[in-house]
1. Given only helices, namely DSSP H runs of n ≥ 4 each adding -39500 (n - 2.57), what is the per-residue ellipticity at 222 nm of the chain, to the nearest 500 deg cm²/dmol?
2. Once you have all Cα-Cα distances for region 243-288, histogram them in 10 Å bins from zero and send the whole-percent values.
3. Jot down the radius of gyration and Dmax of region 159-221, Cα atoms only, both in angstrom.
4. If I take every Cα pair under 8 Å that is 6 or more residues apart in the chain, average their sequence separation and divide by the length, what percent do I get for the relative contact order?
5. Just the number, please: Stokes-Einstein D of region 91-306 in µm²/s, Kirkwood Rh from C-alpha pairs, 25 °C, 0.890 mPa s.
6. Using a Gaussian network model of the chain with C-alpha springs under 10 Å, which one of I188, I56, I169 is most mobile by mean-square fluctuation?
7. For helix 188-197, what angle does its Cα long axis make with the longest principal axis of the chain, in degrees from 0 to 90 and rounded to 10?
8. Give me the one-decimal Kirkwood hydrodynamic radius in Å for region 191-285, with the sum taken over alpha-carbon pairs.
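Each value in this text was obtained by applying a stated rule to the coordinates, not by laboratory testing. These figures come from a predicted structure and were not determined experimentally. Every residue, glycine among them, receives a Cβ derived from its backbone with ideal geometry; neighbour counts consider all protein chains shown.
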Amino acid sequence: MTQDTLAAGLSAPAVRRRGGRSGSIKVEPLTCAIGAELVDLDLGEAAHDADLFAEIHALLLKHKVLFLNDQDFTRAEHVAFARRFGPLEDHPVVGSDPDHPGLVLIHKGPESRAEQYENAYHCDTTWRECPQFGAVLRCTEAPAVGGDMIWVNMALAYERLPEHVKAQIDGLRARHSIEATFGAAMPIEKRLALKAQYPDPEHPVVRTHPETGEKVLFVNAFTTHFTNFHTPANVRFGQDFAPGASQLLNYLVSQAYVPEYQVRWRLRKNSVAIWDNRATQHYAVQDFWPAVRNLERAGIIGDRPV
């Protein structure tokens, strides 16, 4: 089923809870392209219920990002639920809860205004050889106004590319860098040490989703350059390579900016987002100063993109 035909399924039935439960999970799609809100669901309960978790996993593959409100669970339950998807990992730059490894604490207040890491369309940790599978994020403190987050369906972004662009990028590969992003403001010695720890990996420009088989446009704010563009098929003269390659990369990265591929979610205290990092990008809007936004994110280890 293509992404365009998925739009016809907006009246998706509620998902029945198994295991003898009464009631159901109400599924409310939020756009024609991506995102659904789950109602009548306690993730603290789902952390200990394999059948309920399997339903959530299936919905995640369908909608790519799931949203819930009023999730007043503990950090231990947060980690326990996320671990059902797979092992968790810490972040080398952003701090984690020492009592719950893998739970990254993201504080944004007036003192961190200059740290503009999240307000770019990005796919988490593509600077790793194995970028994250996805994440479970809970908001613990939200501004009264602003501070929304945006997610983008990058399978749909690939599907709707012109056919000649699809042909041009078939087999193309690119580098992704933590040094050029998180490391850019560091002293040079610390920046180079960060790059030594996380050498720039090479990923396909178009990856295949390992569970759905979808083709996904896989370049983002961490992508620095193509690695196999300079071939006789693409380059007659130097002008074809520079700026030709950078123009193509900028065009591909800009596909995440298309509103028709997006969903926007207003964060509230105890709201939760669960996303498939293999098929999406996201953007954390920083328009809420001098208010504070605190997030807790459990990032799940992924596989090597192919």
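1. Rounded to the nearest 500, the figure is -5500 deg cm²/dmol.
2. Each 10 Å bin holds this share of Cα pairs: 18, 43, 28, 9, 2.
3. Final numbers for Rg and Dmax: 15.4, 45 Å.
4. Working: 622 pairs, mean separation 96.3, N = 306.
Relative contact order for the chain comes out at 31 percent.
5. Once the numbers are plugged in, D ends up at 134 µm²/s.
6. I188
7. 70 degrees
8. Working: mean 1/r = 0.0614 Å⁻¹.
Radius from the Kirkwood sum: 16.3 Å.
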